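One structure below.
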Amino acid sequence: MKMITAIVQNQDANALGKAFVAAKIQATRIASKGGFLRAGNTTFLIGVPDDQVEQTLAIISETSKTRTQIMSPAWYTESVMESINTVPVEVQVGGATVFVQDVEQFHHF
Ligand code: 2BA
C-alpha cells in the first residue's frame, strides 16, 4: 500500500475530489497553505493499493492545471518598508506537488 500526498490549487480541488469519488478512490481533503505564497491550497491524503498508484497519479495529473500568480515580494519579507519599492513578480504554480510513500501498516478500526 502507498500513501499519496497531493498538494493542488484550490481551483482544481473540487474536480479532483469528484474524480476520486467516480474512480472509487478514497481520499481525505485538508485545507492547507503554501509556505512561499501563503495562499490557500488543498492537500489530499490518498491511501491506495500498489496497483492503483498509476491510476491515481493519472487522475491528479489530468485534473491539476499550471497557473501563473502574481506575487508581491512584500508577502515574503513581511516588511512594510521593503514593500514600498518592490515590484510584483509572476510565479508559476502547479499543476500538483505529489509525494508517494510506502505505508508500513494500515488499520481501520
Ligand atoms: P507555495 O509554497 O506557496 O509555492 C507556490 C509556488 O511558488 C511554487 O509552485 C513555486 O513555483 C514557487 N516557489 C515556491 N518556493 C519558492 C522559492 N523559495 N523561490 C522561488 N519560487 C518559489 P509549486 O512548486 O507548484 O508548489 C505549489 C505548492 O505545493 C506550494 O505552495 C507548497 O504548498 C507545495 N509544495 C511544493 N513543493 C513542496 C515541498 N517540497 N514540500 C512540501 N510542499 C511543497
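The values are calculated or read from the model by the stated rules, or taken from the named source; none is laboratory data. Quantities reported herein were computed from a predicted structural model and do not represent experimental measurements. Cβ coordinates were reconstructed from backbone atoms using ideal geometry, including for glycine residues, and neighbour counts include every protein chain displayed. Side chains included, ligands, DNA and RNA excluded: accessible areas come from the protein's heavy atoms. Shrake-Rupley method; radii C 1.70, N 1.55, O 1.52, S 1.80 Å.
Listing for the model above:
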quantity	calculated
CD proxy at 222 nm, helix term only [per DSSP H run n ≥ 4: -39500 (n - 2.57); per residue of the chain; nearest 500]	-8000 deg cm²/dmol
Inter-label distance, nm, simple model (7 Å from Cα along the C-beta direction), residue 108/residue 68	4.4 nm
Rounded accessible area of residue 64 (nearest 10 Å², 1.4 Å probe)	20 Å²
Cα long-axis angle, helix 10-22 against the chain (0 to 90 degrees, to the nearest 10)	10 degrees
On Cα atoms only, tilt of 53-63 relative to the major axis of the chain in degrees	40 degrees
Range in the chain, longest, excluding exposed trypsin sites (Lys or Arg not before Pro) [loop by DSSP; at most 12 other beta-carbon atoms within 10 Å]	39-109
20 °C / 1.002 mPa s Stokes-Einstein diffusion coefficient of the chain, Kirkwood radius on C-alpha pairs, µm²/s	139 µm²/s
Inter-probe distance in nm under a simple model that places probes 7 Å from Cα toward Cβ, at residue 23 and residue 51	1.6 nm
